[in-house]
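So the structure is just underneath, and the comments pick up after that.
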Amino acid sequence: MKLYVLGSGGGRYMLATQQLHTSGLWLEHRDKHFFIDPGTGALRDALSLNLPFQKLSYLFVSHQHLDHYGDSEAVIEAAYFYAKKRNVVGMFNKCMHGEGEGCFDAISPYHKSLLLKYQVFKKGDVYSDDCCNFVFTPTLHHEPQAIGMVIEFDDFRIGYTSDTEYFPEFKYYFKNVDVLIAHFAILKKESSEFRHADKDDAMRMVKETNASYIVFRHFSYPLWSYGLKKLKEEFKEVAEDKTIIFANDGQMYEFNK
């Protein structure tokens, strides 16, 4: 399994400055390709790595924040342009479909028409396709309908938390994944309004998964300024036999079971 971290940053400051890119993830396993949360700059960063848009199979958007959905329509258009046909199953949370307070229908009718399928999911939903099963997981985040997911192949399980604090069902959904991609945004929550994983949450996630590999991303400016190398040293106390990666922009990581 190959994971391309197009962008390792998140939040308003990183979105505005692009000191760390906010362009999401590209996942490749066997002959299937997945674009996960294509935030602002996603198309540019994917093209700079020569990723094969003509082979893109799935697009997943976890919630309606710009650093997660900003380039969604551009990615859809590029996939259709390079493939010359409708290849992509689009998977969106309910807010992206305009359901919920403050939400709007973020994908135009034209761009929906370029998809092979347009699907809307909520936490707890399961979707099966020819390659794999998708289990859509809960979050605790500013956007209450935000979702993560677990992708289940017959030989590999990949977990993606999206933006969330630690939540009680975390162990149920992510305990038995092989690779966990988790968003670790802030050092310490200062109030209940910070609905992102802080250091304590991230350490708890490490302890409660059996994943061989844990990839952290979605770093805020204060967390990044604190120092990712320093954090990596601090996480050794909970890592046990797990490999913990603090992701870098534009980096490809390859995982074998």
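Figures for the structure shown
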{"quantity": "Filtered residue count, segment 9-24, keeping only those that are at positive phi and in contact with a strand residue (DSSP E or B) (Cβ under 6 Å, 6 or more places away or on another chain)", "calculated": "1"}
{"quantity": "Search result, residues across segment 136-148 that are hydrophobic (A, V, I, L, M, F, W, C) and over 16 Å from residue 218 (Cα atoms)", "calculated": "136"}
{"quantity": "Top-ranked residue of segment 127-143 - restricted to ones that are in a strand (DSSP E or B) and polar (S, T, N, Q), ranked as surrounded by the fewest Cβ atoms within 10 Å (Cβ to Cβ)", "calculated": "128"}
{"quantity": "Subset of segment 182-240 (residues that are under 21 Å from residue 160 (Cβ atoms) and charged (D, E, K, R))", "calculated": "195, 198, 199, 200, 201, 204, 207, 208, 217, 232"}
{"quantity": "For residue 163: the one exception among (1) at pLDDT 95 or above; (2) closer than 25 Å to residue 57 by Cα; (3) more than 16 Å from the chain's Cα centre (by Cα)", "calculated": "(3)"}
{"quantity": "Residue in segment 214-232 that is under 15 Å from residue 187 (Cα atoms), over 20 Å from the mean Cα position of the chain (by Cα), exposed (fewer than 13 other Cβ atoms within 10 Å of the Cβ) and of a type in the set (Lys, Arg) present", "calculated": "yes"}
{"quantity": "Criterion (on the phi > 0 side of the Ramachandran plot, at pLDDT 95 or above and more than 14 Å from the chain's Cα centre (by Cα)) met by exactly one of 55, 84, 32", "calculated": "84"}
{"quantity": "All positions within segment 108-125 that are assigned to a strand (DSSP E or B) and out of contact with any helix residue (DSSP H, G or I) (no Cβ under 6 Å at 6 or more places or on another chain)", "calculated": "117, 119, 120, 121"}
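The values are calculated or read from the model by the stated rules, or taken from the named source; none is laboratory data. This one's a predicted model, so the numbers in the text were calculated from it and none came from an experiment. No Cβ is skipped: glycine too gets one built from the backbone with ideal geometry, and neighbour counts run over all protein chains shown.
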